[in-house]
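Data block below; observations after.
The values are calculated or read from the model by the stated rules, or taken from the named source; none is laboratory data. Remember, predicted model here, so these are calculated numbers, not experimental data. When we count neighbours, we look across all protein chains shown, and the Cβ atoms used for this are built from the backbone with ideal geometry, even at glycine. Side chains included, ligands, DNA and RNA excluded: accessible areas come from the protein's heavy atoms. Shrake-Rupley method; radii C 1.70, N 1.55, O 1.52, S 1.80 Å.
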Amino acid sequence: MQMPLLTEDTAPDADSGCHPMFVSVPSSVEFNKLRKRLLRQARQAIEDFAMAKPGERWLVALSGGKDSYGLLALLLDLKWRGLLPVELLACNLDQGQPNFPKHILPDYLNANGVAHRIEYQDTYSIVTDKLPESSTYCSLCSRLRRGHLYRVAREEGCSALVLGHHREDILETFFMNLFHGGRLAAMPPRLLNDEGDVMVLRPLSFCAEADLTKFAAAMRFPIIPCDLCGSQDGLQRNLMKAMLDDIEKKMPGRKDTMIRALANVRPSHLLDRNLFDFAGLSLDAKTPH
């Protein structure tokens with residue numbers, strides 16, 4: 001079932017009703033444009049990659065960072081406007097990190113009437129026990145977290161786990177795979193998990209990180225920093241981020257061009273024999289270019 005895209009008629013309107021999360025947002029033209037742009041981009045990703053089926057239930061992963069807050073707010077906004085026919089359940093995985101402020105997320109979600117589940121699993125001790133302090137924890141931490149979120153999705157009857165990865169996350173992953181993995185791969189907007197029972201969705205695939213940062217500040221989200229991996233320096237992803245920012249500064253608009261390129265692949269112009277039958281090419285065959 002194809003749902004309508006965001007239009008001028010469904011764009012944010014300060015005089016119309018809104019989800020409680022948006023009651024005290026700025027009324028400036030700048031914020032309204034930002035909000036509309038993010039809504040349109042999220043809706044485009046949902047539409048382009050056939051994410052939503054009416055009646056489904058989605059588990060929205062909420063870490064307490066700017067991206068996951070933005071994801072939740074935009075999905076709630078779309079749902080409020082009748083543009084997202086699914087049920088949303090926010091979920092925070094409390095991983096047992098020292099000094100984690102356990103009250104912030106439940107208080108915020110309760111105050112805004114957001115259905116949620118807080119799940120406690122001490123993955124922090126597992127990560128720090130298995131890896132030396134000099135190691136980067138992100139990969140193992142992410143795998144452990146994802147496994148628990150899949151389980152919660154099953155327990156809650158959710159068909160999809162929704163993550164807050166944005167445009168820059170996808171591009172950084174692409175270049176990490178290119179430079180360090182020797183493969184062309186990124187983060188797909190829609191992916192079936194290995195067990196084949198939970199869909200992974202990334203509705204922010206077209207959204208710029210800078211826009212999400214501005215959105216989070218305007219929305220006054222109670223941000224919770226990650227004290228586990230966020231404090232580690234020298235991560236390869238940080239190098240990719242700096243490289244992309246430098247390219248964008250010197251050649252504005254390149255990030256948008258690169259994200260479009262990931263959706264515009266020419267297998268016959270690459271070197272992967274599994275994607276294109278080079279051996280089958282002949283002078284007599286009419287091969288599309």
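Assorted remarks:
Listed here are the residues, each with its yes/no results for (1) within 29 Å of LYS36 (Cα to Cα); (2) charged (D, E, K, R).
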position: PRO222; (1), (2): yes, no
position: MET251; (1), (2): yes, no
position: VAL265; (1), (2): no, no
position: SER268; (1), (2): no, no
position: ASP272; (1), (2): no, yes
position: LEU275; (1), (2): no, no
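- In segment 171-200, residue nearest to the chain's Cα centre (by Cα) [restricted to those that are among the β-branched types (Val, Ile, Thr) and under 27 Å from GLU119 (Cα atoms)]: VAL200
- Residue check, PHE31 modelled with pLDDT of 95 or more, open to solvent by less than 60 Å² (accessible area, probe 1.4 Å) and not small (Gly, Ala, Ser): yes
- Among (1) farther than 26 Å from ASP169 by Cβ; (2) in a helix (DSSP H, G or I), the one test that PHE276 misses: (2)
- Matching residues in segment 51-64 - criterion: being assigned to a strand (DSSP E or B) and either of a type in the set (Asp, Glu) or open to solvent by less than 10 Å² (accessible area, probe 1.4 Å) (or both): TRP58, LEU59, VAL60
- Condition met for MET176 (of a type outside the set (Val, Ile, Thr) and at pLDDT 95 or above): no
Quick grid of which residues meet (1) touching a helix residue (DSSP H, G or I) at 6+ places or on another chain (Cβ under 7 Å); (2) within 20 Å of ALA218 (Cβ to Cβ); (3) modelled with pLDDT under 95; (4) open to solvent by 10 Å² or more (accessible area, probe 1.4 Å):
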site: LEU39; (1), (2), (3), (4): yes, yes, no, no
site: ALA45; (1), (2), (3), (4): no, no, no, no
site: PHE49; (1), (2), (3), (4): no, no, no, yes
site: LYS66; (1), (2), (3), (4): yes, yes, no, yes
site: LEU72; (1), (2), (3), (4): no, yes, no, no
site: LEU84; (1), (2), (3), (4): yes, no, no, no
site: PHE100; (1), (2), (3), (4): no, no, yes, yes
site: ASN112; (1), (2), (3), (4): yes, yes, no, yes
site: TYR120; (1), (2), (3), (4): no, no, yes, yes
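- Enumeration of residues in segment 82-123 that are under 18 Å from ARG154 (Cβ atoms), of a type outside the set (A, V, I, L, M, F, W, C) and part of a loop (DSSP other than H, G, I, E, B): GLN121
- Residue satisfying condition, being more than 21 Å from the chain's Cα centre (by Cα) and modelled with pLDDT of 95 or more, within set ASP277, ASP246, ASP284: ASP246
- Segment 160-207, residues that are under 12 Å from TRP58 (Cα atoms) and either surrounded by fewer than 17 Cβ atoms within 10 Å (Cβ to Cβ) or of a type in the set (Val, Ile, Thr) (or both): VAL162, VAL198, VAL200
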